[in-house]
Amino acid sequence: MNSFTVLASAASSSPDAPWSWNLAADLHDMLSYPFMVNAFRAGSIVAVVAGIVGWFMVLRKQAFAGHTLAVSAFPGATGATLIGINPMFGYFSFSLAAALAIAAAARPRRGGGFNEESAVVGVVQAFALACGFLFVSLYNGFSTSINAPLFGSSFAITNTQVITLGGVGLATLLVLTAIGRPLLFSSVDADVAIARGVPGRGLNVVFLLVLGAAAAEASQIAGALLVFSMLVMPAATAQRLTSKPALSMALTVVFGLLATWGGIALAYYQLYPLGFCISSFSFGGYLLANLATATRLRQRRPMVSAKPVGAVA
Amino acid sequence: MSEPTGVTDRRSTEESASDIAVRFRNAAVRVGDRTLWHNVDLEVPAGQFVAILGPNGVGKSTLVKAALGLFPLAAGEARVLGEPPGGASRDIGYVPQRRSFDHSVRVRGIDIVRLGLDGDRWGLPMPWGERARKAHERVAHAIELVGATAYARRPVGQISGGEQQRLLIAQALVRAPRLLILDEPLDSLDLPNQSAIAALIKRICTDRGVTVLMVAHDVNPILTYLDQVVYLAGGGAVCGAPREVITSANLTRLYETPIEVLRTSDDQLVVVGQPEAPAHHADRHTGQPLQ
């Protein structure tokens, strides 16, 4: 949170003004700082993109690949800093390159579809982390500079960064709009989808690239090691609550936005690391959803098994 | 076929292709450098309920995959609904080998059926309008047909195997196919569910005029419904009415080992001495040799 403290002390009034419970005043207070406005903008964009991409990732059980793609952003960011180019470029290029590497190693799955090999994913992740640490030690810069790429920071986000996040996010969502239905088909029912002519392998490659872009975006907010607070938790929470695909996706976006906004606000008032704040809100939501589902199931139990198994209608 | 019109129909030389739903001629399939089966000739007449029988690992699933165009023939030719394999996939409903949705799959049965209708289309479906209403009706109708209305809106991972199987059949039926291909749909179901699903498939065959090609491991639950059986073995296939094909002489010849077919008091056939799949046989799920 180096950048945050620098910006905070430069500001005229104290940004860690106490939480007043007057939401409008609090919001006005926070948004009077341009860096906070950018934090909310970037956080919102990434929450929507990571939420929807993460929804498919959870359904496809590709969380390990998703995490590795996010971790690959770490050497990207540190490497770019090392050679003096924009870290944004490093985030996206490394995640997308890792996505291609993982996609190339995908093998036909038992019973149809394609799966990346977990050993290959693990190799990519270990090597990416190792490279990241190498670049950090070569750079000899701020000792805190390792925290932002790994554990998140959105208080030093520039206008250009917001525009880039928005552009990449929009492209990601457009691709998902085009392939969403066949992707859902091949995710839940690979065999039949392939028999119907859905290109399972091609979709897997495209989805891994989409996932790479989303993971690179989420790493810039929550940090490479905490991306799951934006990629997994909102989707997992929504899928706990409903099995209607459209509603479930909409809830994912809502939960993602709430956790991100809550996280940014908490980090502003408490100076806790942003990644921790977003994760805490996501985790809290997930726990509540589980509690709600458990209660609902207990009430419904007697109604289960509505029909005798042998009956033919 | 009636009088040929001005244009030469490429199918007119075959004796009424429309009456034969699936035809293999001298077909063979190779996995790696091993021939799984060869010299396979079979004909599935339209509107019939036909079972493909044979020991584990002999390539029954591969045969239906070849018919679907998912696996290439090494020799011979195949026509499915008058087209080369894969050409008529819009008119084919396919229920692959037993897959169960695990508990964590948070998608409803009705969504699975809906994907069978238009899941292969790009872009998003319009959530309202005439088209959406029609799609909704077709899905509801297919679900009703298999008697799954009561649990179609529950998460598919949380219903029983028999209930999942009905929804998967509804998924295969939702486009009103002319040919229904099922790969061991009765596998790992309990006995009441086996006979219920078998009766359901027969009803679809007779009421809707759908040709049914079904891979089966155990012939007994479906024997009374079958019009024809195809007995597949490494050296080829024998087709015909069940009582003609499932005989001691035929099976002994196919397996090259003595096999007896007995008839029980309730007129069921029982195959005795059926050899297990030889150890070198392919892993039946991946089609890859084990070694």
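Here the spin labels are modelled as points 7 Å beyond Cα on the Cα-Cβ line, and at A:LEU247 and B:THR257 they lie 5.5 nm apart. The residues neighbouring A:THR242, those whose beta-carbon lies less than 10 Å from its own, together hold a net charge of +4 under the Lys/Arg +1, Asp/Glu -1 convention.
Arranged from fewest to most other beta-carbon atoms within 10 Å of their beta carbon, B:LEU145, A:LEU225, A:LEU274 become A:LEU225, B:LEU145, A:LEU274.
Across peptide B:139-152, the mean count of Cβ atoms from other chains lying within 10 Å of each residue's own Cβ comes to 2. Extending 7 Å from Cα along the Cβ direction at A:GLN299 and again at B:ASP267 yields two label points whose distance is 5.6 nm. To the nearest 10 degrees, how steep is helix B:130-145 against the longest Cα principal axis of chain B, on a 0 to 90 scale? Helix B:130-145 and the main axis of chain B meet at about 50 degrees.
What is the calculated FRET efficiency for B:GLU137 to A:LEU170, with r their C-beta to C-beta distance and R₀ = 30 Å, to the nearest 0.05?
So, using R0 = 30 Å, E works out to roughly 0.25.
Applying a DSSP loop filter and a limit of 15 other Cβ atoms within 10 Å to the trypsin sites (Lys or Arg not before Pro) in region A:11-83 leaves A:LYS61.
Candidates A:GLN270, B:VAL212, A:SER44 compared by Cα position along the dipole of the protein assembly as shown: farthest toward the positive end lies A:GLN270, with charges placed on Cβ.
3J(HN,Hα) couplings calculated from phi for region A:85-102 with the Karplus curve 6.51 cos²θ - 1.76 cosθ + 1.60 (θ = phi - 60°) are, in sequence order, 10, 4, x, 3, 4, x, 3, 6, 5, 5, 5, 5, 5, 4, 4, 5, 4, 5 Hz; Gly and Pro show x.
Scanning chain B for trypsin sites (Lys or Arg not before Pro) in DSSP loops with at most 15 other Cβ atoms within 10 Å, what's the longest stretch left with none?
Numbers: sites that count: B:ARG10, B:ARG11, B:ARG121, B:ARG153.
With trypsin sites (Lys or Arg not before Pro) excluded where exposed in loops, chain B gives B:154-291 as its longest stretch.
Given R0 = 30 Å, the distance between the Cβ atoms of B:SER100 and A:ASN290 translates into a calculated FRET efficiency of 0.80. With kT/(6 pi eta Rh) evaluated at 4 °C and eta = 1.567 mPa s, and Rh the Kirkwood radius from Cα pairs, chain B diffuses with a coefficient of 64 µm²/s according to Stokes-Einstein. With the charge dipole of chain B set up from +1 on Lys and Arg Cβ and -1 on Asp and Glu Cβ about the Cα centre, the Cα lying farthest toward the positive end among the listed residues B:ALA176, B:VAL80, B:ALA198 is that of B:ALA176.
In chain B, the longest principal axis of the Cα atoms and the axis of helix B:109-118 are about 80 degrees apart. What stretch of chain B, leaving out the sites themselves, is the longest with no GluC sites (Glu not before Pro) in a DSSP loop having at most 13 other Cβ atoms within 10 Å? The reported range is B:16-255. Modelled spin labels at A:LEU258 and A:LEU31, positioned 7 Å past Cα toward Cβ, are 2.0 nm from each other. Between 0 and 90 degrees, the angle of helix B:191-208 with respect to the longest Cα principal axis of chain B falls at about 80 degrees.
None of the figures in this text is laboratory data; all of them are computed from the coordinates on show. What you see is a predicted model; the values in this text were computed from it and never measured. Heads up, the Cβs are rebuilt from the backbone with ideal geometry, glycines too, and the neighbour counts pull from every protein chain shown.
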